[in-house]
1. Going residue by residue through the range B:679-690, is there one that turns out to be over 26 Å from the mean Cα position of the chain (by Cα) and either among the acidic types (Asp, Glu) or buried (at least 21 other Cβ atoms within 10 Å of the Cβ) (or both)?
2. Quick check on the range B:209-221. Is at least one of its residues small (Gly, Ala, Ser), farther than 30 Å from residue B:414 by Cα and in contact (Cβ under 8 Å) with a residue 24 or more places away in the chain?
3. Which of the residues belonging to the range B:507-518 are surrounded by 17 or more Cβ atoms within 10 Å (Cβ to Cβ), touching a residue at least 60 places away in the same chain (Cβ under 8 Å) and part of a helix (DSSP H, G or I)?
4. Looking for whichever is away from every other protein chain (no Cβ under 14 Å), crowded, with 18+ Cβ neighbours inside 10 Å and within 30 Å of residue B:417 (Cα to Cα) here; the options are A:594, A:601, A:582. Which one fits?
5. Please specify each residue of the range A:390-418 satisfying the condition of being under 24 Å from residue A:215 (Cα atoms), touching a residue at least 24 places away in the same chain (Cβ under 8 Å) and in a helix (DSSP H, G or I).
6. Return yes or no: is residue A:38 buried (at least 24 other Cβ atoms within 10 Å of the Cβ) and either in contact with a Leu (Cβ under 8 Å, 6 or more places away or on another chain) or not hydrophobic (A, V, I, L, M, F, W, C) (or both)?
7. For residue A:695, all conditions in the list (1) assigned to a helix (DSSP H, G or I); (2) farther than 18 Å from residue A:630 by Cβ; (3) not acidic (Asp, Glu) hold save one; what is the number of the exception?
There are 2 protein chains.
Amino acid sequence: MKRTFDVAPWNIVTTKWAPEDKRLQESMTSLANENLGMRGFFEEGYSGDKMEGVYYGGVWFPDKTRVGWWKIGYPKYFGKMINGTNFLQLTIKVNGEQLDLAKQEPTDFKLDLDLKKGIFAREFTAEVGGAKLHFTFERFVSVAQKELVGQRLHVKNLGDAEAKLEVASVINGDVYNEDSNYDEQFWDVLEQKAAGEHALLVSKTKPNPFGTPQFTVGVKTTTKTTLEHVGDGTTAKTAENDFAGTLAAGAEVELEKRSVVATSRDFDTQEALVARLDELAGQLDGQSFDDLLAPHVAGWAERWNKADVEINGDDEAQQGIRFNLFQLFSTYYGNDSRLNISPKGFTGEKYGGATYWDTEAYCLPVYLGVSDPKISRNLLMYRYDQLDGAYVNAQEQGLKGALFPMVTFNGIECHNEWEITFEEIHRNGDIAYAIYNYTNYTGDKSYVLHEGAKVLTEISRFWADRVHYSQRQNKYMLHAVTGPDEYDNNVNNDWYTNLLCQWTLKYTLQVLKEVDADVAAKLNVTEDEKRKWQAIVDNMYLPYDKERDIFPENDGFLDKDLKPVADIPSDQLPINQHWSWDKILRSPYVKQGDVIQGIWDFIDDFTPEEKKHNFDFYEQYTVHESSLSPSIYSIIAADLGYEDKAVELYDRSARLDLDNYNNDTSDGLHITSMTGSWLDIVQGFAGMRIREGKLHYAPFLPKKWDSYQFTQVFRGRVIKVLVDKEGTHVSLVSGEPLTIDLAGKDLELK
Amino acid sequence: MKRTFDVAPWNIVTTKWAPEDKRLQESMTSLANENLGMRGFFEEGYSGDKMEGVYYGGVWFPDKTRVGWWKIGYPKYFGKMINGTNFLQLTIKVNGEQLDLAKQEPTDFKLDLDLKKGIFAREFTAEVGGAKLHFTFERFVSVAQKELVGQRLHVKNLGDAEAKLEVASVINGDVYNEDSNYDEQFWDVLEQKAAGEHALLVSKTKPNPFGTPQFTVGVKTTTKTTLEHVGDGTTAKTAENDFAGTLAAGAEVELEKRSVVATSRDFDTQEALVARLDELAGQLDGQSFDDLLAPHVAGWAERWNKADVEINGDDEAQQGIRFNLFQLFSTYYGNDSRLNISPKGFTGEKYGGATYWDTEAYCLPVYLGVSDPKISRNLLMYRYDQLDGAYVNAQEQGLKGALFPMVTFNGIECHNEWEITFEEIHRNGDIAYAIYNYTNYTGDKSYVLHEGAKVLTEISRFWADRVHYSQRQNKYMLHAVTGPDEYDNNVNNDWYTNLLCQWTLKYTLQVLKEVDADVAAKLNVTEDEKRKWQAIVDNMYLPYDKERDIFPENDGFLDKDLKPVADIPSDQLPINQHWSWDKILRSPYVKQGDVIQGIWDFIDDFTPEEKKHNFDFYEQYTVHESSLSPSIYSIIAADLGYEDKAVELYDRSARLDLDNYNNDTSDGLHITSMTGSWLDIVQGFAGMRIREGKLHYAPFLPKKWDSYQFTQVFRGRVIKVLVDKEGTHVSLVSGEPLTIDLAGKDLELK
């Protein structure tokens, strides 16, 4: 754990200059608007350790894989959302010396990410070129205009003498990924020009041998300042406008830079793309930084109105949930069904920046609760649109139907550890479950009876081919799988995977009864198929241990050396940073919920005793070394009335990045885990459930809190729930009247 | 299966020019003398598809690894026996045009590897530069002088006009590995010179970040010919002597090239190394190619006298076993305990050219039977000398004692698939078993009571830390292992591994009772340790299925979809070239014997019924896609009286490369599998066993053979065994009288 920012309800703020935590700072102050985003790196440049990164939604590169010993079915490339053109650069010289905080230690330093407004501001005093100046940088990535990034620089001369100030406003296409299997650059620059206020740079991803599309990214900048325009420059990979002036003692100057961005995802030709940039730059020309900022701030206000969670009496918890929602919404707000939510969003390179099952399992439930249903529906459409890739993945394994990928941009699997790619197939069940979850929450059957039925059918075809029948046990089984608990690989009969397989087949059979005849005709599920699916449903092997009344995570789990986490010396935690992979695999330690994940999915299907026995058993072995883990345990703890445990696990989830719990936030934020704190408050503390279309709450108030309040979207209504020491107050903010269940009693909302 | 060479008892010969099988031809005509070796590439160069390779025993490079997601315990480098200086080059021009069989299709083509003499000869007629010439190349790698390679070129002008012949005798240090993770070159050239008859080139492996030693290799060539010396040349990475002359119609000319080699393995400084080369070249100066060849041929005669196996009535089988013994002895003949037997020997790059458990499991039993015991003892010493590396490997996994590596040059693990490196730990048991095997065969306890006791103790310490106690089953277990059957990875309780673990501990406890007090004091095995080891011996879990009376290969094996290999469509075999890794892992198909391997090790410890039930069960699921597999099944089949099955499996093993069964001989030969044919004849067909120090035979004669005869070394005697249609004739070639058991009856040998 490492806390480098102050606790504040609406801000990520620090006045500490901490170059040793530069990467961590960059991660924490990332900005994005789902169309593009960047880490909070310094626009003036920094020669110390850093990780600059500007990312463009849906723009990726298929890096060539490297594996020890290639085997059939291994993916051919590893897709990566790549670091692209850095258009934020503002190189600053004072009396000929370059501003570089690695060389000139700042004073009066302040970093401040305003979560309410979506502005990242930075100010400090530095002595450069013999002069003492105060610098302020502001930056936003507009949620009102998806192509726009605004920057403002303010400089004041604090010294007694005049200072010569030079500012180069640069677009830099000479970028590298830290993560490149062959240390190759992924971009070619096609066009670069600079004149007066404007610079333009167009880059294109290099050709690849895999037949995936190349992407073109164009950026046009406009720089406005009272400094004098002194020249322009281009190199093979950069374009810049140069400004200069002399600051008298006490004098101040401002510079505004705005950048507009367009990519080949929206424009077929380079000409059309550049024309659009010219058009956009022209449209914005008359507006100041403040003019451009206003609709952006209004956009955030609207988001917060639908989704804010207020916690009184615990500023740390308050800051945690707001930071999480801010970064989650920055990553994805459902405006483009071609986009998705990658585990690091726009905040780093790790995980390749692609789509994981995290989206369906952890993010969808939150978007359902805080945003328009069309946003959630777009997440489902993303998978439907990638069915062709999912067929390929199944075929690569020699199997029928659709296998949705573990990691992807285009539907094709692009991760290359066999124990994950080939075996962590529960993801197919999670994607099926998301269809149920959407339908159950929204009551909208338009997806499940059309696109959803197709997705479910193809997933079911996969499951029916992937299971085998064990003559010895007279049961259907799934061998050689990896569950969500990746600390036990390549197991037989992972309870969670078997359960999802069985459930998917059951649900698909049920959906097939409801679809229209023309949909059914296209799906063409034969009676033989249905019989086989029903046979699997009726006869699936689900591990159960009678003595403990628990579901063993997999065959062999109970034969392990079952020592609790409490027995591990604290200097060996997290075990993934101290133990060999071998030792981890043999251990009983659970990376993230596997059985507990299944109990969460079907929380009403288990008896309180079953839930208690399983929670008590697994909690003692769970190391929560996936950021996705604590929040789900928190919900089950809350369900069982283990309030203190639920709150303890919430704290870990809510401030995972703020307190750098896993010591890896320097790589980027844990975006998909950020949903956990909302889920814990709403599903956990407030006990929100949807049962047969009816909304239920059964809240408790954490002891250390005075109150909490959240807003929830449900079937056309906006509902506000306040839980304080007096009790629970549910009110209807908008929408038709509704009867809900509060702690077991009906309540009319008007 | 693909047979490109003729069947001949003592030769690998073909008159077919087959450029499409160039790599296969190169593999098959490899030569070596354990100190150095090379593929049978063309010295004159070849611009078509080829894989040149010259390898120097014990000279390797730690290539940087690439893995998908690095985890603790993964090796940092992948050691490779690398392609080195090519000193064989003889570039030939006729009337200015270069000889290149990729461009001038030859006639009267013949390739001939003489197994009896160890000579690789090649001849052909080609039209080059408008002339028609006949070329003969001969090559040997001396087994009498480890530093020496001899070459002879004979050219005859078959045309009517005179032809201008130019020959450049080159040493080429500009070599690449095909297998290089980062496409890097591994060598720097330090020194190159050429003058008159002589050329010299010294290369050094590039610096590496892993602290492993760099190797220097020096080569000096002497070229003698009646052609005129017309010049010399050097480049940054080559040195050459140039010769030329005019061949009248019908005229002939010869050129002899001899090369001597020295490496930094034997000389500390570059100066000492070069001085040794000068000395060697001087010593050999007065001798012709034929003079140098004679002791080499005598050396092979002596090897064959000790080890030849004669088969009458089956030339294919005869050729198979001789080719195997030839290549095995070329790879290793025990003269240097720093060397070992890599799976591809000096015939290719695959498997990194390092030491595997193949040595102990498959090679040692053959060397025990056909060569001086000191050769086998050197194989054991190799592991003892690498104990320090084995400690490191165990520590990397967080375990005590010694874990011998899966793949190594220096004792440090250098393979990087976790399911193999971390988990295929049965190798530790195989290395322990080899100590028993040597002691049991030779009666020599000098190793086991000294170095062997240390190796056994450290392996036992590893096992005792690697097992865990299952409270549920009240048994010691080994979870997360991979047995010899690598088609089932990361399993729990692999029967073979558990058995070897238990056996090692038992054997070590027994050995510890016999060692001298001073040895025991150094080993310092505590009473607590001994008690724990005994507890594991007494209470190890060994899977057993009562219904079938078999040992299940691992937990879960019997739950698989148990369809026999016969059900796999033949166009899907071998499955590793047709099925995804996922499908293979889930299948019941056995790559190579796992339970059967254990039954072989302890063949007298199982009842005939146990052996039969297990063989019958596993044989139907075994695809033999490891070249190490069929021979062991053949021995068990022979033991059970399944004579036809034993012979069928022998055929597959004996001609694996000759008939290119696995369609991969182009990469190099399956050196360590070549022991299989000898084992099948001696242990299988002849039923050779050592029981309490007494030699037993129980032979049968394969139906299609007239007779077979082999020579065996045993405790100071050389014994000849002839099995023909009249029966078995055992005679003592040399050594003291001996009583053996022949088919259950005592027989005095005098």
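The values are calculated or read from the model by the stated rules, or taken from the named source; none is laboratory data. On a predicted model such as this, the values are computed, not experimentally measured, just so you know. We place every Cβ from the backbone using ideal geometry, glycine too, and count neighbours over all the protein chains shown.
1. Within the range B:679-690 (the criterion being over 26 Å from the mean Cα position of the chain (by Cα) and either among the acidic types (Asp, Glu) or buried (at least 21 other Cβ atoms within 10 Å of the Cβ) (or both)), the answer is no, since none of the residues qualifies.
2. No, that holds for no residue.
3. Hits for the range B:507-518 are B:507, B:508, B:511.
4. A:594
5. The answer is A:390, and nothing else.
6. Spelling it out, residue A:38 is indeed buried (at least 24 other Cβ atoms within 10 Å of the Cβ) and either in contact with a Leu (Cβ under 8 Å, 6 or more places away or on another chain) or not hydrophobic (A, V, I, L, M, F, W, C) (or both).
7. Exception for residue A:695: condition (1).
Residue by residue, here is whether (1) more than 30 Å from residue B:649 (Cβ to Cβ); (2) of a type in the set (S, T, N, Q); (3) surrounded by 19 or more Cβ atoms within 10 Å (Cβ to Cβ) holds:
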{"position": "B:228", "(1), (2), (3)": "yes, no, no"}
{"position": "B:247", "(1), (2), (3)": "yes, no, yes"}
{"position": "B:266", "(1), (2), (3)": "yes, no, no"}
{"position": "B:295", "(1), (2), (3)": "yes, no, no"}
{"position": "B:318", "(1), (2), (3)": "no, yes, yes"}
